Amino acid sequence: MYIKKLYQIKRPVLSFETFPPKQQSALETITDTLGQLTALHPDFISVTYGAGGSGNSGKTTEIASMIKNEFGVEPLAHLTAITAKRETIHNTLADLKAHNVQNIMALRGDIPVGFEGDPNGDFVYAADLIREIKQVGGFCVGAACYPEGHIDCDSLPNNYAHLLQKQEAGADFLISQLFFDNAQFYHFLERARRAGVTIPIVPGIMPMMSKSQVQRMIFTCGVSLPSRIIRILHKYENDPQSLEQAGIEYACEQVTDLIKNDVDGIHIYTMNKPQVAAACKSRIDFLLK
Ligand code: FAD
């Protein structure tokens, strides 16, 4: 089923993000994780892709296929444009089709540190990849959006212009980068709608798990920190378990507020931790009872 159909018939659509395990040998771990995640009945599960073929990106199709064909849940396979040749993309699309995977999250990606291959691919921006996938046909396509602006985009109006380009290229829905301040998302949503973006815009929520994770998000994604997050980080500096609990609780409060504000869906960055997804899901079930 095309994910865009889900957004037409259901509100809020619940989705989880997973990533391929780093070790080739850890496929059993992801099978177990997927078992626990699918038991929570999400509407779809996405699987990330290492840009430039880094990490274990070769496993993305395999895991997406497992989600669809073994667990009976709709998968969203991520795919990146950076450094990719047209022929490689066409081969991946054929492979996804052969596994009955019909939904792709099309991203530019960032050149990975230590990348040694040819950095010159056939695509510059995510919109170029979206256009190519749509030209091949047979896929529903999601794309990324950034409530606080993409870290490399120095002008906020351009943030919206680039979103429109993704929509015009054929993107069917947008999933946001994480944020800790819902007000930033509502402001972004309003501006995007005013700019002419009409496709579903789904907030992405990543529960805070550790201080180092939050620091990484500030530097790599440019997300801002509300003072409450800073206070939580300070309070539980030496108590990782309580910090994790407080992070999950904070994320659940974000989800509660987003659902009350009638968002299209909720996308949880699970970090392959089923307990994170379970906590958010039980909060959603309680709200929708
Ligand atoms: P683009 O839309 O191409 O934007 C990249 C930059 O170029 C932005 O600054 C944008 O403003 C600018 N830009 C766009 N169009 C133009 C134009 N015409 N002229 C000038 N500038 C332009 N990364 C991975 O490697 N693997 C994943 O699986 C993955 N999953 C993700 C999932 C989500 C929900 C999100 C939010 C991000 C994900 N990323 C992933 C990270 C993403 O690849 C990076 O954020 C990357 O830097 C930008 O990707 P994009 O698709 O938004 O690129």
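Under the convention that each Lys and Arg Cβ holds +1 and each Asp and Glu Cβ holds -1, the size of the dipole of the chain around its Cα centre is about 580 debye. Each semi-axis of the equivalent ellipsoid for the chain is √(5λ) with λ an eigenvalue of the Cα gyration tensor; in descending order they amount to 27, 22, 20 Å. Each principal axis of the Cα atoms in region 232-289 has its own extent, and those three values, largest first, are 37, 22, 18 angstrom.
Take every Cα pair under 8 Å in the chain that's 6+ residues apart, average their separations, divide by the length, and report that relative contact order as a whole percent. Relative contact order, the chain: 20 percent.
At most 13 other Cβ atoms within 10 Å and a DSSP loop assignment: could you name the GluC sites (Glu not before Pro) in region 15-94 that fit? Within region 15-94, the qualifying GluC sites (Glu not before Pro) (loop, at most 13 other Cβ atoms within 10 Å) are Glu70. Expressed as a whole percent, the accessible surface of the chain that belongs to carbon and sulfur atoms is 51, based on a 1.4 Å probe. Summarising the overall dimensions of region 113-177 from its C-alpha atoms, the Rg and Dmax are 13.3, 35 angstrom. Sorting the segments 32-39, 150-157 by their residues' average number of neighbouring beta-carbon atoms within 10 angstrom, most packed first, yields 32-39, 150-157. Remark: region 3-287 carries 45 Å² of accessible area per residue (probe radius 1.4 Å; ligands, DNA and RNA excluded). Note on Ala278/Ile151: beta-carbon distance plugged into 1/(1 + (r/R0)^6) with R0 of 22 Å gives a FRET efficiency of 0.10.
Counted over region 1-155 with a bin width of 5 Å, the fraction of Cα pairs per bin, in whole percents, is 2, 9, 18, 21, 20, 16, 10, 3, 1. Over 25 Å apart at the Cα level, from the set Lys5/Lys289; Lys5/Lys260; Lys4/Lys68; Lys10/Lys68; Lys211/Lys289; Lys68/Lys281, are Lys211/Lys289.
Counting only DSSP beta bridges whose two residues both lie in the chain, roughly 0 percent are antiparallel.
The values are calculated or read from the model by the stated rules, or taken from the named source; none is laboratory data. Quick caveat: nothing in here was measured; it's all calculated off a predicted structure. Backbone-built Cβ (ideal geometry, glycine too); neighbour counts: all protein chains shown. Just so you know, the surface numbers come from the protein's heavy atoms only, side chains and all, with ligands and any DNA or RNA stripped out. Shrake-Rupley method; radii C 1.70, N 1.55, O 1.52, S 1.80 Å.
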